[in-house]
Amino acid sequence: MRRNICLSLTVVLSLCAPLTAELVLTEVAGTMVIPADTPSIKGSTVDIRLYEYHPMIADKAATLVDQVQIKNFAHTKGKETKTAFSIGQKPGRKIDQRMQYYVTLFIHSGDPTKTPRTHMGKPANGKFLCKVLTAGNPRKIVMKVSPVKTIARPKPVAPKVRPIPVPRPAPGGRKPGRPMPRPMPGRKPVAMDPFMTIQRAQLVFTADLKSVQAGPVASSMPPIYTHRLSLVVKDVLRGNLKPGAKITLSHSARQRKRPTFPTGKLCLVTATTSRGRTVANLVLKADDKLMKTARDATLLPLGWSKKKDKFISPWAELGAKAWPKSAPPVAGAAVCGVTGRPALLAGPNVSMRVEKVPPVKQIKWTNPDGDGSYTVTITNETDKPVTVPALLSDDKGILWKESLAILCQDKARPVPGAKGLKAATKSTVLKPKQSVSTVVSAFGLKNVTWPRGGYRIAFQFCLGELSVTKSFYYMSRHHDAIRKAAEAKLKK
């Protein structure tokens, strides 16, 4: 009797083992259905992808788990086409129950990295995103394919009568921090200002663009195209890169058409380092006109702007009290047209580091980046004394609030608490290997649209040509009260 029970138990366990192994893997079985009335398709490529993402982290891109392609695909109008597929089995990856998964299906007229999408697959339940595996979502799916709709741009027609102007919505109607809605058909996007784009960049350099590797495409509208760029640095206009260094940068662009790059050419590149990643923002062929603009822009400290023939500093909002009239002029330096403040740089051999101040109470999923305060450290990297013109001092010590600026939401501001200078100052001299630090609260910044709910906002701390960008996760239900307290303290 005992032998029969053991034998039965062995059979049951052997039958259950494959099922258990299957359930923990990320394999998804699917069927692609193309209705009979769909126009014929010939010689196309079906691109199917499985993504993984964390539902509680909004700003982190989804991770590509597996990709399957069906080449030379064909469909004949008048007959329904059904094609079975399987995805997620090849990597042998286990399901993470903390994560969520979804499948995308697109048909391209040729190579998916070079040709546009012609058709798109949607789940048979009518939802836009085909979620699978976790959170009660299925392992077996059916995706119905339909042509990608293109928006026809209407031809402009001159009105016969002057139209009645429509009142603009009151400020605050759009939730801060959320992506802007896509432009209406026919409306031209705002042209990029090369001078300002380069002037506010953390890293500016020229490099030979050796290769471009296409990455995942987010199924948003417009899509988000990702690429990896392999470059060899040539000339550094701003930043701590070394000429001759071989680097790989990530690049993402949210637009209708896949971006193109001048592969094999000398390029001007701007980039930002944040959260341990360096991301390329601008990659253009380095012609003579662009290089002149880049050299002019990088001669100014970060956060300065140019209006007609005048330079404007971040301290312009303080007016005449920002810089004392008795201060002697600085030879060769540009001057702010509003305050008379000279454009002071930090100079070589000086580094900048910015670190969050740990919060009094760490709350999971609420304040991973602290409560808005940062420690800013300036270091002399040499064995000799170094003069730092951008770091101002008087007889009492370093004037941090009159030296540091913060770039946020495309606007430069002095750090909270800056009141201007009443008397002439001097440049700070750092001893060999000396480091000096201060604590800055970003919550006192003026004219900032703070996010609602939970979202990220970026602070770029600047001293002359040096800068460090910090991405801050702002949770309004927690940080609003702390921010308002900081603002009230500054008013006293």
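Is there a residue in segment 309-318 that is surrounded by 14 or more Cβ atoms within 10 Å (Cβ to Cβ) and over 29 Å from the mean Cα position of the chain (by Cα)? Yes, segment 309-318 contains a residue that is surrounded by 14 or more Cβ atoms within 10 Å (Cβ to Cβ) and over 29 Å from the mean Cα position of the chain (by Cα).
Only one of these is touching a helix residue (DSSP H, G or I) at 6+ places or on another chain (Cβ under 9 Å) and on the phi < 0 side of the Ramachandran plot: ALA346, ALA322, ALA334. Name it.
Working: ALA346 fails: touching a helix residue (DSSP H, G or I) at 6+ places or on another chain (Cβ under 9 Å); ALA334 fails: touching a helix residue (DSSP H, G or I) at 6+ places or on another chain (Cβ under 9 Å).
One residue alone meets the criteria, ALA322.
Kindly provide the set of residues from segment 359-418 that are of a type in the set (S, T, N, Q) and either in contact (Cβ under 8 Å) with a residue 40 or more places away in the chain or in contact with a His (Cβ under 7 Å, 6 or more places away or on another chain) (or both), ordered by number. Step through it out loud before you land on a result.
So in segment 359-418, the residues of a type in the set (S, T, N, Q) come out as 362, 366-367, 373, 375, 377, 379-380, 382, 387, 393, 403, 409.
THR366, ASN367, SER373, THR375, THR377, THR379, ASN380, THR382, THR387, SER403, GLN409 - these are the residues of segment 359-418 that are of a type in the set (S, T, N, Q) and either in contact (Cβ under 8 Å) with a residue 40 or more places away in the chain or in contact with a His (Cβ under 7 Å, 6 or more places away or on another chain) (or both).
For segment 320-367, how many residues are assigned to a strand (DSSP E or B), under 24 Å from VAL436 (Cβ atoms) and not charged (D, E, K, R)?
The initial filter retains those residues of segment 320-367 that are assigned to a strand (DSSP E or B), namely 335-336, 342, 350-356.
From what's left, under 24 Å from VAL436 (Cβ atoms): 342, 350-356.
Within this subset, residues satisfying the condition of being not charged (D, E, K, R) are 342, 350-352, 354.
Looking only at that region, the number is 5.
Within segment 234-270, restricting attention to residues that are touching a Ser or Thr at 6+ places or on another chain (Cβ under 6 Å) and under 23 Å from THR113 (Cβ atoms), the residue that is surrounded by the most Cβ atoms within 10 Å (Cβ to Cβ) is LEU249.
Among the residues that make up segment 276-291, is at least one of them in contact (Cβ under 8 Å) with a residue 60 or more places away in the chain, within 18 Å of LEU407 (Cα to Cα) and in a loop (DSSP other than H, G, I, E, B)? No, because not a single residue in segment 276-291 is in contact (Cβ under 8 Å) with a residue 60 or more places away in the chain, within 18 Å of LEU407 (Cα to Cα) and in a loop (DSSP other than H, G, I, E, B).
Annotation note: Cβ proximity below 8 Å between a residue of segment 328-351 that is loosely packed, with under 15 Cβ neighbours inside 10 Å and a residue that is among the hydrophobic types (A, V, I, L, M, F, W, C) (sequence gap 6+ or interchain) occurs for PRO328/ALA424; PRO329/VAL335; VAL330/LEU344; ASN349/VAL386; SER351/ILE378; SER351/LEU466.
Does ASN380 meet the test of being surrounded by 18 or more Cβ atoms within 10 Å (Cβ to Cβ) and touching a Ser or Thr at 6+ places or on another chain (Cβ under 9 Å)?
yes
Residues of segment 261-308 that are among the β-branched types (Val, Ile, Thr), over 19 Å from the mean Cα position of the chain (by Cα) and closer than 22 Å to GLN213 by Cα: THR263 alone.
Hey, can you tell me all the residues within segment 208-257 that are of a type outside the set (Gly, Ala, Ser), in contact (Cβ under 8 Å) with a residue 24 or more places away in the chain, in a loop (DSSP other than H, G, I, E, B) and touching a Lys or Arg at 6+ places or on another chain (Cβ under 8 Å)? Correct list: MET221, PRO222, PRO223.
Pick from segment 81-98 the residues that are among the β-branched types (Val, Ile, Thr) and over 30 Å from the mean Cα position of the chain (by Cα): which of them is surrounded by the fewest Cβ atoms within 10 Å (Cβ to Cβ)?
For segment 81-98, the residue satisfying everything is THR83.
Filtered by the rule that a residue be within 23 Å of LEU391 (Cα to Cα), within 24 Å of the chain's Cα centre (by Cα) and surrounded by fewer than 19 Cβ atoms within 10 Å (Cβ to Cβ), segment 459-492 gives a lone residue, THR469. Scan segment 234-253 for residues that are under 30 Å from PRO216 (Cα atoms) and touching an Asp or Glu at 6+ places or on another chain (Cβ under 9 Å) and the total you get is 2. Filtering segment 99-124 to residues that are assigned to a strand (DSSP E or B), among the hydrophobic types (A, V, I, L, M, F, W, C) and either free of Cβ contacts under 8 Å to residues at least 12 places away in the same chain or surrounded by fewer than 19 Cβ atoms within 10 Å (Cβ to Cβ) (or both) leaves only MET120.
Laboratory data are not the source of any read-out in this text; all were calculated from the coordinates shown. Here the structure is a predicted model, which is why all the values come from computation and not from measurement. Neighbour counts run over all protein chains shown; Cβ positions are idealised from the backbone, glycine included.
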